[in-house]
Amino acid sequence: MNIKEFIGGCGIIAVGSFFLYASLTSNLPIFMAANIPGPMFFPVILSSLLIILGFTSLLQTAKNMKEMGKELPRIKIRYLTLHNHIKYPSIFLILSGIYIYSFPTIGCILSTFLYSVILQRIFGRKWRDAVLISLGIIVIIYILFIRVLRVVFPEPIIGDIIYLYYFSPLLLLKWGI
Amino acid sequence: MLEFIFEALKMFQNPVVIIVIIIAQLFGVFIGLTPGLTATLAVALLVPFSYFMDPLSGIGMIIALEAVAIFAGDIPAVLFRIPGTPSSAAQTIDAYLLGRKKSPSEVLYVDLAFSTLGGIVGSLILIFAASLIAEFASKFSTVEYFWLVVWGLSMAIIISSEDPKKGFIGVLIGFLAATIGIDYVYGFPRFTFGIIEVQKGISFIPAMIGLFAIPELVNLSKAVVERKYIMELKEGIGKTSFSLIRESLGKYKSVFARSSLLGTFVGALPGAGADIAAWIAYGLGKRLSKKPEEYGKGSLEGVVAATSANNAGLGGAWIPALVFGIPGDSITAIAIGALMAQGLRPGPLLFQENRVLITALFITFIIANIFLIFIGYLAIRASSKLLKVPRNVLIPLIFVFCVVGAYSVNNSLFDVWIMFLFGVIGVLLSKWGVPLQTVVLAIILGPMIEYNFTTSLMKSGMNIGVFFSRPIAVLLSIMVIFSWILPSILKRMKKVKELK
């Protein structure tokens, strides 16, 4: 509880300080003519309040330091039992970040397929099931978003293959060959 | 008025509207049934689709979905003692124990009946109250709007968390996020750091998808290997019998009336929502009950009180959302974004300029609650199969839809990163106990506070007294002050009670 408060407090101070620094160093005024609030009036007030609240949290944590000392072994045990509960969410978040990064690079269809297969495998699903389910997800996305809703997704690889099929001479030009 | 009703009814001749409502409700069943996934997430995932629809289908889809998702959340509560959505938490223990005493299906049918009736009461109050309040609100100036929004945020801070400090932090973060981009009063770009995409500000829908979906997926992934399925029901749901419905309809009329009215009122308070409505109705039901000792041990009265209130609260939440643009809960917060994307700005003018559409939306509330009977019945019958979806399929499937949905809003990869960033922020904030609905409310209401505050001062020549120059403004300012001192009054009352 106290460690959470401490980290949370530090995080809030960091966010508040970042916005306060950006507000004060920007060229935009805090007050306009006749002391009317300017574009940076609210950001300065909001970020200052965040910093104050962050310090309040830290002070509260410092006050409870003695209690925290008594609770330390319990926290340690809890951390060990929670290990699996940290591992899978972390894998999920990291893989999701890579998926979004690869979205424009290898295209929507391929990146979605790979993301889905890899995540299912890590989460304990068999290869065959993971591949079949991922193919199903791609079919749903293709029908729903690409065919019905006409959303244009980035498709550099599959798009080029289709392009190659129809307009191979132009593609050679595009690749500079 | 009748001509508007006829015109609105004509809009339902388009079969797409009805089909969309049914599909949305089927989707709502699935999300509501899944513990850990909320109705808010379901709405956030569906909103990108509303961009491609006409306003009635797009908004009707949200209305239909939330009605059924809140009910479907009661199914795992009865079967496994695990609420499917936070709105089902109040009656979980009673519903589960009652299900063991009688049969789970009997309790679920009672739940379905009172969910439908509660939803209809909430919808009727919305229909009658919203138009009247909208007429009154058309006289509001920027000063009244300023106080109203401040009051809305204050209530959200107090209601949504046990620790108002955490609620306040949520509001500050949301408000700060809303200041990114071109400012609403002067048109200067703020915190853009030379990135062109940031100039239009934080895209609301992708931010919402991230804030609500990713923390839930992270929670779901914690036990992904240990618990293969969402839930596994080895025993059946029991025999089909409607005798308990007959008994409860006769016995608990007053409990139902009180709880649904209370639920609608609480639902209309910004930041409160259906879950808090259910808890308050349950608590009041226990206090006024002739058999309070049965509460928590399988009380049918407790189930009726909570389930009537949570569905009635849904209609209530739309009153401030449509009339003032102030969301009653996180679902209506997303709905406001969907309305704006359709070119409809919530507020009194919406009732004057789009009367037929508003009437059609009101009719959708009634239709959605009637459909709930059939879809809810199917959900009860199919629940054991629906709950057997493997978690390791559900997580990538939902995340892929989050990414594709966020991208579809503006065909922008930047929005996908916004979704992910807000998702990570949501995970950290919810770990720290900051209620995410306060962040969402502040993203919507922040620009309104800034605009109304600055414009009022500009118009009055920097005279602070302008905020207390009109009777409604004074009344609203007193309400704001009262809402700030309310927690300390309640704390003191609790201490005095404990000492006694």
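For every residue, the table says whether it meets (1) polar (S, T, N, Q); (2) away from chain A (no Cβ under 14 Å); (3) in contact (Cβ under 8 Å) with a residue 60 or more places away in the chain.
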residue: B:329; (1), (2), (3): no, yes, yes
residue: B:336; (1), (2), (3): no, yes, yes
residue: B:377; (1), (2), (3): no, yes, yes
residue: B:380; (1), (2), (3): no, yes, yes
residue: B:391; (1), (2), (3): no, no, yes
residue: B:410; (1), (2), (3): yes, no, yes
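Return only the number of the condition from (1) free of Cβ contacts under 8 Å to residues at least 24 places away in the same chain; (2) over 25 Å from residue B:106 (Cβ atoms) that residue B:290 does not satisfy.
(2)
Would you list the helices (runs of 4 or more DSSP H) that sit entirely within segment B:237-356 and hold 2 or more residues that are closer than 26 Å to residue B:443 by Cα?
Correct list: B:253-268, B:273-288, B:300-324, B:330-341, B:348-353.
Condition check ((1) outside any loop (DSSP other than H, G, I, E, B); (2) surrounded by fewer than 24 Cβ atoms within 10 Å (Cβ to Cβ); (3) in contact with a Cys (Cβ under 7 Å, 6 or more places away or on another chain)) across all residues:
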{"position": "B:25", "(1), (2), (3)": "yes, no, no"}
{"position": "B:30", "(1), (2), (3)": "yes, yes, no"}
{"position": "B:52", "(1), (2), (3)": "no, yes, no"}
{"position": "B:58", "(1), (2), (3)": "yes, yes, no"}
{"position": "B:67", "(1), (2), (3)": "yes, no, no"}
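Could you go through segment A:19-42 and let me know if any residue there is within 20 Å of the chain's Cα centre (by Cα) and modelled with pLDDT of 95 or more.
Taking every residue of segment A:19-42 in turn, at least one turns out to be within 20 Å of the chain's Cα centre (by Cα) and modelled with pLDDT of 95 or more.
Among B:294, B:301, which is the only one that is touching a Phe, Trp or Tyr at 6+ places or on another chain (Cβ under 7 Å) and at negative phi?
Step by step, each of B:294, B:301 is checked, and only B:301 is touching a Phe, Trp or Tyr at 6+ places or on another chain (Cβ under 7 Å) and at negative phi.
In this structure, does residue B:398 turn out to be modelled with pLDDT under 90 and either within 14 Å of chain A (Cβ to nearest Cβ) or in contact with a Leu (Cβ under 7 Å, 6 or more places away or on another chain) (or both)?
Answer is yes for this residue.
Could you check segment B:412-424 and list, in sequence order, the residues that are surrounded by fewer than 22 Cβ atoms within 10 Å (Cβ to Cβ) and either without any contact (Cβ under 8 Å) to a residue 24 or more places away in the chain or assigned to a helix (DSSP H, G or I) (or both)?
Matches in segment B:412-424: B:413, B:414, B:417, B:421, B:424.
Inspect all residues belonging to segment A:66-87 and state whether any of them is surrounded by 16 or more Cβ atoms within 10 Å (Cβ to Cβ), modelled with pLDDT of 90 or more and not assigned by TED's automatic domain parsing to the domain that holds residue A:131.
No, there is no match, as no residue in segment A:66-87 is surrounded by 16 or more Cβ atoms within 10 Å (Cβ to Cβ), modelled with pLDDT of 90 or more and not assigned by TED's automatic domain parsing to the domain that holds residue A:131.
Only one of B:383, B:330 is crowded, with 23+ Cβ neighbours inside 10 Å, more than 21 Å from residue B:263 (Cβ to Cβ) and modelled with pLDDT under 85. Can you tell me which?
B:383
Taking the condition of being farther than 27 Å from residue A:9 by Cα and either in a strand (DSSP E or B) or in contact with a helix residue (DSSP H, G or I) (Cβ under 9 Å, 6 or more places away or on another chain) (or both), how many residues in segment B:156-195 meet it?
7
Does residue B:65 count as at pLDDT 85 or above and not small (Gly, Ala, Ser)?
Yes, satisfied.
Quick one: how many residues across segment B:441-456 are under 22 Å from the mean Cα position of the chain (by Cα) and surrounded by 23 or more Cβ atoms within 10 Å (Cβ to Cβ)?
Of the residues in segment B:441-456, 6 are under 22 Å from the mean Cα position of the chain (by Cα) and surrounded by 23 or more Cβ atoms within 10 Å (Cβ to Cβ).
Taking residue B:471 as the residue in question, decide whether it is without any contact (Cβ under 8 Å) to a residue 12 or more places away in the chain and surrounded by fewer than 19 Cβ atoms within 10 Å (Cβ to Cβ).
yes
Would you point out which residue out of B:374, B:365 is under 27 Å from residue B:77 (Cβ atoms) and surrounded by fewer than 20 Cβ atoms within 10 Å (Cβ to Cβ)?
Among B:374, B:365, only B:374 is under 27 Å from residue B:77 (Cβ atoms) and surrounded by fewer than 20 Cβ atoms within 10 Å (Cβ to Cβ).
Just need a number here: residues in segment A:118-142 that are part of a helix (DSSP H, G or I) and either farther than 28 Å from residue B:221 by Cα or of a type in the set (D, E, K, R) (or both).
Residues meeting the conditions: 3.
Quick test for you: out of B:108, B:132, B:148, pick the one residue that is free of Cβ contacts under 8 Å to residues at least 12 places away in the same chain and farther than 30 Å from residue A:5 by Cβ.
B:132
When segment A:109-139 is examined, which residues are found to be at the interface with another protein chain (Cβ under 9 Å from one of its Cβ atoms) and of a type in the set (Phe, Trp, Tyr)?
Answer for segment A:109-139, where residues must be at the interface with another protein chain (Cβ under 9 Å from one of its Cβ atoms) and of a type in the set (Phe, Trp, Tyr): A:115, A:123.
Go through (1) in contact with a Leu (Cβ under 8 Å, 6 or more places away or on another chain); (2) assigned to a helix (DSSP H, G or I) and name the single condition residue B:97 misses.
Against the list (1) in contact with a Leu (Cβ under 8 Å, 6 or more places away or on another chain); (2) assigned to a helix (DSSP H, G or I), residue B:97 comes up short only on (1).
Out of the residues in segment A:89-104 that are of a type in the set (Gly, Ala, Ser) and more than 7 Å from every other protein chain (Cβ to nearest Cβ), state the one that is surrounded by the fewest Cβ atoms within 10 Å (Cβ to Cβ).
A:90
Scan (1) of a type in the set (A, V, I, L, M, F, W, C); (2) facing chain A (nearest Cβ under 8 Å); (3) assigned to a helix (DSSP H, G or I) for the single condition residue B:462 breaks and write down its number.
Condition (3) is where residue B:462 drops out.
Sort out which residues of segment B:485-500 are surrounded by 13 or more Cβ atoms within 10 Å (Cβ to Cβ) and either in contact with a Pro (Cβ under 9 Å, 6 or more places away or on another chain) or hydroxyl-bearing (Ser, Thr, Tyr) (or both), and write them in order of number.
Within segment B:485-500, B:487 is the sole residue that qualifies.
Taking residue B:97 as the residue in question, decide whether it is closer than 30 Å to residue A:144 by Cα and either in contact with a Gly (Cβ under 7 Å, 6 or more places away or on another chain) or not aromatic (Phe, Trp, Tyr) (or both).
No.
Answer yes or no as to whether residue B:336 is in contact with a helix residue (DSSP H, G or I) (Cβ under 7 Å, 6 or more places away or on another chain), of a type outside the set (Gly, Ala, Ser) and closer than 29 Å to residue B:419 by Cβ.
Considered against the rule, which asks whether it is in contact with a helix residue (DSSP H, G or I) (Cβ under 7 Å, 6 or more places away or on another chain), of a type outside the set (Gly, Ala, Ser) and closer than 29 Å to residue B:419 by Cβ, residue B:336 comes out as yes.
Check segment B:70-92 and report whether any residue there is without any contact (Cβ under 8 Å) to a residue 24 or more places away in the chain, more than 27 Å from residue B:343 (Cβ to Cβ) and part of a helix (DSSP H, G or I).
Looking for residues that are without any contact (Cβ under 8 Å) to a residue 24 or more places away in the chain, more than 27 Å from residue B:343 (Cβ to Cβ) and part of a helix (DSSP H, G or I), one finds at least one in segment B:70-92, hence yes.
The values are calculated or read from the model by the stated rules, or taken from the named source; none is laboratory data. Computed from a prediction, not measured in an experiment: that's the story for all the values here. All Cβ positions, glycine included, derive from the backbone under ideal geometry; neighbour counts span all protein chains shown.
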